[in-house]
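Participant: Handing you a structure now.
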Amino acid sequence: MRFSPRLLAVALLVLTTAAEGQTDRTPAQIADRARIQGADNAPVWLVIVGDLAGKEDRAFRYEVWPVIDSLFVQTGKIRVAWVNLPDDTSKASRIAAEVAVCASTDRKFWAPHDIILWEQARWRHSPDPTEQLIMLAAQKGARSSIVRDCLQSQRMKRFLENDIARARGAGIRRAPGFIIDNVVLTGAATADALRTAIERALAKQGSTARKSGR
C-alpha cells in the first residue's frame, strides 16, 4: 500500500484522536501521542522518518533541528512527529527503535530519543545494546520495568512494523527522510532546505485558508 505524504502525517493521529477525552489509553495510543510535538492547531506537519543508529539522523538532531525548532515549532507554525525506519541490516538499529517505542508507552519519547542519539557511538556497533539503551532511556525518565516488560511482551511490534510500512509507502526506503505536508525529502537535509520547504507549505496553507474564507 502506498500512502500519500499528507495521509502519513494524519495517520499518526488516528489512534490518539479516538482516545481524546478518555482517561485510559492503549499503549499504542500513548506511544503515538508521545512522539508528537508542537501546537495542536499548527497548519503544517513535519514528519521525521528516522533511524536512531544513523549518523545522519544524529547530525540532524544536533545541527539542523535547533534551527527548525526555534523558527517553526516554538512559534506554533508546525507540528512534528517521528516515524521509525530502522536499518534492515543492523540489529542495533532495530533494538534502538524498539526501546524508543517502548519508552514512549511510558509517555517518554523525545528525551530518551535525544540521549540515544547523543550516545550513539557507545551502542551502535554492539551485537545487542538492549541493556545500554534501556539505561539511557531510564536516565531521561522512562521506567526500566515498563520498557523491559514492553520489549519482552513484544506488544509494540505491530506499532513499529506499521511505522516501517508507512515510511516505505510514502516513498522513503532509508532514513533519514522528511515529509512536509505533501513534499517528501529523502536523505540528509540542511536547515536551509527544510526551512524553504516548510515556508512553502505554510504559504500554501495560508493561501488555501484565504480562498476558503477562514
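The values are calculated or read from the model by the stated rules, or taken from the named source; none is laboratory data. It should be emphasised that the depicted structure is a prediction, and the values quoted were computed from it without experimental measurement. Reconstructed Cβ throughout: ideal geometry from the backbone, glycine too, with neighbour counts over all protein chains shown.
Participant: Would you point out the residue of the stretch 92-129, among those that are among the aromatic types (Phe, Trp, Tyr) and over 19 Å from GLN154 (Cα atoms), that is farthest from the chain's Cα centre (by Cα)?
Facilitator: Restricting to residues being among the aromatic types (Phe, Trp, Tyr) and over 19 Å from GLN154 (Cα atoms), the top hit is TRP123.
Participant: Kindly check whether there is at least one residue in the stretch 148-159 that is under 15 Å from the mean Cα position of the chain (by Cα) and part of a helix (DSSP H, G or I).
Facilitator: Within the stretch 148-159, one or more residues are under 15 Å from the mean Cα position of the chain (by Cα) and part of a helix (DSSP H, G or I).
Participant: Another question, if that's okay. Within the stretch 149-166, how many residues turn out to be more than 18 Å from ALA34 (Cβ to Cβ) and surrounded by 15 or more Cβ atoms within 10 Å (Cβ to Cβ)?
Facilitator: Total satisfying the criteria: 1.
Participant: Would you check which residues across the stretch 132-147 are without any contact (Cβ under 8 Å) to a residue 24 or more places away in the chain, surrounded by 13 or more Cβ atoms within 10 Å (Cβ to Cβ) and of a type outside the set (A, V, I, L, M, F, W, C) and list them?
Facilitator: GLN132, SER144
Participant: May I ask you to verify whether ASP69 is of a type in the set (D, E, K, R) and in a loop (DSSP other than H, G, I, E, B)?
Facilitator: no
Participant: Within the stretch 138-162, how many residues are among the hydroxyl-bearing types (Ser, Thr, Tyr) and farther than 20 Å from ASN84 by Cα?
Facilitator: 2
Matching residues to (1) at positive phi; (2) among the charged types (D, E, K, R); (3) at pLDDT 95 or above:
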{"site": "LEU117", "(1), (2), (3)": "no, no, yes"}
{"site": "ARG122", "(1), (2), (3)": "no, yes, yes"}
{"site": "GLU131", "(1), (2), (3)": "no, yes, yes"}
{"site": "ALA137", "(1), (2), (3)": "no, no, yes"}
{"site": "LYS140", "(1), (2), (3)": "no, yes, yes"}
{"site": "ILE146", "(1), (2), (3)": "no, no, yes"}
{"site": "SER153", "(1), (2), (3)": "no, no, yes"}
{"site": "LYS157", "(1), (2), (3)": "no, yes, yes"}
{"site": "ARG166", "(1), (2), (3)": "no, yes, no"}
